[in-house]
Amino acid sequence: MKKTLRIGSLTIGGGAPLRVESMLKTRLHDTEACLAQLQELKKEGCELVRVALPTAELKDCLRTLCERSPLPLMADIHFDPDIAVAAIEAGCPSIRINPGNMGSPQRLTGVVELARDRGVVIRIGANSGSINAEQLRLSGGDRGAALALAVSQQMEMLLSRKFYDVIVSAKSTDIAETLRANVLLNERYGDFPFHVGITESGSGLDGIVKSACGLSRLFAMGIGDTMRVSLSQPPADEVRAAYSILRALDLRQRGGKLISCPTCGRRQLDVADAVPEVREILGSLPDGYTVAVMGCEVNGPREARHAQLGIAGSPNGLVVFREGEIVARIEKGASVIEALRPYLPKKS
Ligand code: SF4
């Protein structure tokens, strides 16, 4: 049975939905910029936000952010146990550390005991860049196995201290390596929640496709309780991409779904122009409600009969259809949204 963890009011693992994460790209000392980015992330449906804490001197900035943030935060710590302690003392409900980088076994114990006292969740993990030569040698040159070994070594440091509120993570820029590491870790630590993603996947179409390919294969194996689509773009883009992937896989719905035809020589509606207009209203629709935008009435309503509502071009203008049946004919001149509006349901 998968363990359920709680970060603030957010549950992860167990029966909780697959959670969507991102990371602040603003600097921690700029509180107002951080809060603005957090509000934007909340609007897009982000549920947990990682924030870099580069020095313990920024403890008060983190405290302020934790107090004012609309979303639960996870402080990202590198190498220094004093920074991990500062993050916990600042009231951060979760931290991301590499237990092997906490100075000494005694210092790690100090961090773990403080986390236990304050009910703080610890995410551990490695990425392909942090595999060392010894881990690679012990894994016979298998980089995916070396990545799993690196994470296992971290995990055992916490388990040996009887600390169990742990999220496991193994990421690579390489999909095959990420899959191999996660499969191996899941065999051993499958009762713990997993954070998944393809790290540094790039930007734009290539970055999203690479993340989608890797994540969908992990999800198909039942691996993944929280996710991030790592893009060299604003964090809100990461969240939109994450929901797009979850929606396409029918794992989570958020607002309406859009289907549209590629168009062909029968086209009576400029679908490429209409799609952005329809996309604008999806957020106001019930979760999973499907709207179709089709180029012609010859095939459109029939091809999109699984959509609850749709619009197609006709020689005289537009036709509106519900589950494949035409319910209205609109003369030329009306916009797609005007034609659809009387039939759109409200979000409950
Ligand atoms: S719905 Fe009509 S325009 Fe669109 S691809 Fe099918 S036949 Fe072509």
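Summary table
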| read-out | value |
| --- | --- |
| Helix-only mean residue ellipticity at 222 nm for the chain, each DSSP H run of n ≥ 4 adding -39500 (n - 2.57), per residue, nearest 500 | -12000 deg cm²/dmol |
| Summed residue charge, Cβ within 12 Å of D60's Cβ, Lys/Arg positive, Asp/Glu negative | -1 |
| Whole-angstrom gap from the range 124-190 to the range 101-118, using each part's C-alpha centre | 20 Å |
| Formal net charge of residues neighbouring L159 (Cβ-Cβ distance under 12 Å; K, R +1; D, E -1) | 0 |
| 3J(HN,Hα) from dihedral phi, the range 169-178, Karplus parametrisation 6.51/-1.76/1.60, rounded to Hz, x for glycine, proline | 8, 9, 10, 9, 6, 9, 4, 4, 5, 4 |
| Reduced Cα scattering model of the range 1-88, Debye log10 I(q)/I(0), q = 0.16, 0.17 Å⁻¹ | -0.64, -0.72 |
| Quarter of Cα convex hull surface for the range 257-343, i.e. mean projection, nm² | 4.8 nm² |
| Cα Rg over Rh - the range 170-306, Kirkwood | 1.06 |
| Computed magnitude of the charge dipole of the chain (debye, nearest 20; Cβ of K, R +1, Cβ of D, E -1) | 680 debye |
| Placed amide H near S314: partners under 5 Å, 5+ positions off or other chain | V319 |
| Antiparallel %, DSSP beta bridges [both residues in the range 257-343], to 5 | 60 percent |
| J(HN,Hα) series, the range 220-225, from Karplus relation 6.51 cos²θ - 1.76 cosθ + 1.60, nearest Hz, glycine and proline x | 4, 8, x, 9, x, 10 |
| Cα centre as origin, Lys/Arg/Asp/Glu Cβ charges: the range 1-114 dipole, Debye | 440 debye |
| Net charge over other residues, Cβ less than 12 angstrom from the Cβ of G224 (K, R count +1; D, E count -1) | +4 |
| Given charges at Cβ of Lys, Arg, Asp, Glu: the range 257-343 dipole, positive-most of P342, C296, V320 | C296 |
| Whole-Hz ³J(HN,Hα) from phi, Karplus 6.51 cos²θ - 1.76 cosθ + 1.60, for the range 55-69, glycine and proline x | 9, 5, 5, 8, 3, 5, 5, 5, 4, 4, 5, 4, 5, 9, 5 |
| For Y189, Y164, order by how many other beta-carbon atoms lie within 10 Å, fewest first | Y164, Y189 |
| 31 Å Cα-Cα threshold exceeded, pairs from K2/K171; K59/K210; K2/K43; K3/K210; K3/K171 | K59/K210 |
| Cα gyration tensor, the range 4-248 - rounded (a/c under 1.5), prolate or oblate | oblate |
| Taking the convex hull of Cα positions in the range 111-229, its mean projected area over all directions (nm²) | 7.6 nm² |
| Relative contact order of the range 4-248, pairs being alpha-carbon contacts under 8 Å that are 6 or more residues apart, as % | 19 percent |
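Since every read-out is calculated from the coordinates, none of them should be taken as a lab result. Computed from a predicted model, the values in this text were never measured in an experiment. Heads up, the Cβs are rebuilt from the backbone with ideal geometry, glycines too, and the neighbour counts pull from every protein chain shown.
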